[in-house]
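*Asks:* Quick one: the structure is below, and I'll ask about it shortly.
The values are calculated or read from the model by the stated rules, or taken from the named source; none is laboratory data. Just so you know, these numbers come straight off a predicted model, no measurement behind them. Cβ atoms come from the backbone with ideal geometry, glycine included; neighbour counts cover every protein chain shown. Each accessible area value is taken on the protein alone, full model and side chains, heavy atoms only, with ligands, DNA and RNA left out. Shrake-Rupley method; radii C 1.70, N 1.55, O 1.52, S 1.80 Å.
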Amino acid sequence: MSRSITIAKAGLPPGPKGTLIGGNAAQMGPRRVDFFLDLAQTYGPVASFRVGRWRVFLVSDPELIQQVLVTDARHYIKHFGARAFKPILGNGLVTSEGDFWLSQRRMMQPSFLKALVLSYAPIMAELTTAMLAEWSPGKAVDLEFEFSGLTSAIALKTLFGLDDHGDRAKVDASLIETFDSLTARVDAPIRLPLWMPTLTNLRLRRAIANVKALVDGFIAQKRSRPLANDLLSTMIMAQREDGSRMSDQQLRDEAMTLYLAGYETTALTLTWSWYLLSQHPEAERRLADEWRRVLGGRSPNAEDLTALPYTSAVINEAMRLYPPVYAIGREAMTELELGGYRVKRGYTILMSQWVSHRDPKYFPKPEQFLPERWLDGLAARLPKFAYYPFGGGQRLCIGSHFATMEAMIVLATVGQKYKFTLAPDAVIDIKPQITMPPKFGMPATLELR
Ligand code: HEM
């Protein structure tokens, strides 16, 4: 089918001048979100820059974002940054495309039906309580480390039914190695093909082989036992319309994808929520009041969640200011129009939650932590892509309800027992990579509430 496109504006959207070879890569710097925000504020809703050979449009108008993620979604694929994860995520949901992705998304969707997701609430509460049993007042902790351990345990239990601490430690160790090598690869100015026997490639290949062997072991174990209430079991049982099921390799790709897409993002939501609360005692007091009134000291169960509007508002506001996924990208597969400009085949469109979530048009006093802004139905009034911590359109995060429920349960279970005082010498900064962890961790001391 032929499409006619109308290009109103000649040339590229406005943007900063770059160097001949690297383009604007050097200006981007380690705090690349500042560069994005500056770009949007200086050049408007469509700005243009270049990273090496990649021409990038930064788009920050909700309607234009909707055009990319919804209306024209079929003409875009994931951008180069996301594709770099293929070696580990294979053909899982995050990295697959087209008809194959659609067929997999249909297979996986039932595993994330609301009732099934809600059935994981007790596991989330139990594992949080188990973490608290190892804490004591006065203890110095790193919040990111603690919450990553917890969300990893929750992911492994709900995904594979895994309780064993030894298994968990093995998965964590090989994943950290894989992730570190992959991040180094994504950020490297020159990316040599994975088959080349460089030191970094060999390290990465070994780490990937280790993770794959571990996950294959979990799948084999699961197949040899009665199926249970975990995501892997529901994925093993899932059928396509023709009755066929996922191969072991596909199960492995999907399982690794769910694990990697899910645990760190949720840990960061918790870490940044507690950071913001530690800086806003009045919000923390209001939160504690809500918990006292609704929960009276116990962990929330699935039915409690709608009775905790302030808890939900705090999490929304934390993901507004510190979106764990701070940007998503797409690559045009054909010539397209966007905001009156010509998008050539191969161009990258970048949409940054960090930027959109700071638009004063939708969020007055954008830099301020104001959970109250969510209490009077703001979410329903906003244009669809003014706030999108979980992306949107057909590639919307499949785990959004899972993550939101987990964040609420953990926040309320932890917060009824403890509060955190940031270490006096703590330096808090962001480190935007694939997700956005605190650059120097989040050192804090535990205090009984
Ligand atoms: C606060 C936590 C989370 C955040 C902020 C988050 C964010 C996102 C975003 C922005 C996308 C879209 C990426 C794109 O369009 O390029 C996405 C996709 C995805 N997320 Fe999440 N996520 C979170 C938790 C989870 C959890 C817990 C799971 C699994 C249990 C998960 C699984 C996935 C998968 C499989 C996709 C790909 C979906 C597809 O393309 O069909 N995420 N996530």
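*Asks:* Which ³J(HN,Hα) values in Hz, rounded to whole numbers, follow from the phi angles of the range 131-147 under the Karplus curve 6.51 cos²θ - 1.76 cosθ + 1.60, where θ = phi - 60° and Gly and Pro get x?
*Replies:* So the J values, rounded to whole Hz, are 5, 4, 5, 8, 8, 8, x, x, 5, 8, 10, 10, 4, 5, 5, 4, 6.
*Asks:* Can you divide the C-alpha Rg of the range 235-329 by 2.2 N^0.38 Å and report the result to two decimal places?
*Replies:* Relative to the rule-of-thumb radius for its length, the range 235-329 sits at 1.50.
*Asks:* Check Glu337: other-chain or 5+ apart residues with amide H under 5 Å from its amide H, H built from backbone geometry?
*Replies:* Amide H to amide H, under 5 Å and 5 or more residues apart or across chains, Glu337 pairs with Val343.
*Asks:* If packing is taken as the mean number of other Cβ atoms within 10 Å per residue, what is the order of 401-409, 378-386, 133-141, 325-333, highest first?
*Replies:* Output ranking for 401-409, 378-386, 133-141, 325-333: 401-409, 325-333, 378-386, 133-141.
*Asks:* If only Cα atoms are counted, what is the Rg of the chain, and what is its Dmax, in Å?
*Replies:* When restricted to the Cα atoms of the chain, Rg and Dmax are 22.1, 67 Å.
*Asks:* Also, I was wondering about something else. What's the carbon and sulfur percent of the chain's accessible surface, probe 1.4 angstrom, rounded to a whole number?
*Replies:* Here carbon and sulfur together make up 56 percent of the probe-accessible area.
*Asks:* Consider all pairwise Cα distances in the range 32-78 and report the whole-number % of them above 11 Å.
*Replies:* 70
*Asks:* Can you give the calculated 222 nm mean residue ellipticity of the chain, where each DSSP H run of n ≥ 4 adds -39,500 (n - 2.57) and the sum is split over every residue, rounded to the nearest 500 deg cm²/dmol?
*Replies:* Result for the chain: -15000 deg cm²/dmol, rounded to the nearest 500.
*Asks:* How much net charge surrounds Ile77 when only other residues with a Cβ under 14 Å from its Cβ are counted (Lys, Arg +1; Asp, Glu -1)?
*Replies:* Its environment carries a net charge of +3.
*Asks:* Taking the Cβ of Leu382 as the centre, find all other residues whose Cβ is under 14 Å away and add up their charges (Lys, Arg: +1; Asp, Glu: -1).
*Replies:* +1
*Asks:* Whole angstrom only: what separates the Cα centroid of the range 403-436 from the Cα centroid of the range 1-51?
*Replies:* Result: 33 Å between the Cα centres.
*Asks:* Sticking with this one: In whole Hz, what ³J(HN,Hα) sequence does the range 51-65 give by Karplus (6.51, -1.76, 1.60; θ = phi - 60°), x for Gly and Pro?
*Replies:* For the range 51-65, the Karplus curve yields 10, x, 8, 8, 8, 10, 9, 9, 10, 10, 9, x, 5, 6, 5 Hz.
*Asks:* About its Cα centre, how strong a charge dipole does the range 111-229 have in debye, to the nearest 20, once Lys and Arg get +1 and Asp and Glu get -1 at the Cβ?
*Replies:* Magnitude of the dipole: close to 600 debye.
*Asks:* Would you mind checking which residues have amide H under 5 Å from Val51's amide H? H placed 1.01 Å from N; only 5 or more apart, or other chain.
*Replies:* Asn24, Val56
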